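Q: Structure in C-alpha cells, see below.
The values are calculated or read from the model by the stated rules, or taken from the named source; none is laboratory data. Because the structure is a prediction, the values reported are computed rather than measured. Ideal geometry is used to build each Cβ from the backbone, glycine not excepted, and the neighbour counts take in all protein chains shown.
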Amino acid sequence: MWRYLAGGMAALLLVAGGWLIVGGQAHSGAPTSAPPAARPSDTSVASAPAPDLPEASDVTRAHRRFERFDRDRDGKVTRAEYLEPRRKAFAKLDRDGDGKLSFDEWAARTVDRFAAADRDRSGALDEKEFAATAPKRKQRRASPCPEPAHADD
C-alpha cells in the first residue's frame, strides 16, 4: 500500500516539476531588471573608448560554399561544376593521363612508400625495411603542469 502511495506522490512531483519548467520558459522572454548602471568610482573603465568590434557578415557558410562551386556566376551549380573538385582529384591520381585509373595509380602513395623502403630492390621487404614504412607519430606536447611529487619518492 505504501509503495502505491509513494509512487503516486512521485508522479505528482514529476508533473509539478514539468509544469514549473514549462511555465518558467514561457516567461523567460519577458525583460528582467535593467542592467546595473556604471559606478562613478569606476572611471578607468568608463573613460576608455569602446573597441571597434567587427560586424557580422551577411554571407552564410552555405552561400560561400555555393559561390565556390558556381564558377560561371550564373546563380546555378551545374553537374559539371559540382563534379569539378572530383575531376581535379582524379587528374592528380591519373599519372599517365590516359583517363583510366589503374590500381597502381590509385595506390600511388603506398606504392611509392614500398619502393622507398625496398632498399635492396628485391621486391620484398625484410623486417628492417618494413619498419621504415610505419606511419610517423606526432610527438606529444609536454604537459604544462608538472607531475605532482609523491610522498614515497
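Q: Does Val77 satisfy the criteria of being surrounded by 10 or more Cβ atoms within 10 Å (Cβ to Cβ) and at pLDDT below 85?
A: Against the criterion (surrounded by 10 or more Cβ atoms within 10 Å (Cβ to Cβ) and at pLDDT below 85), Val77 does not qualify.
Q: Could you tell me whether Arg39 is among the basic types (Lys, Arg), exposed (fewer than 10 other Cβ atoms within 10 Å of the Cβ) and at pLDDT 70 or above?
A: For Arg39, the condition - among the basic types (Lys, Arg), exposed (fewer than 10 other Cβ atoms within 10 Å of the Cβ) and at pLDDT 70 or above - is not met.
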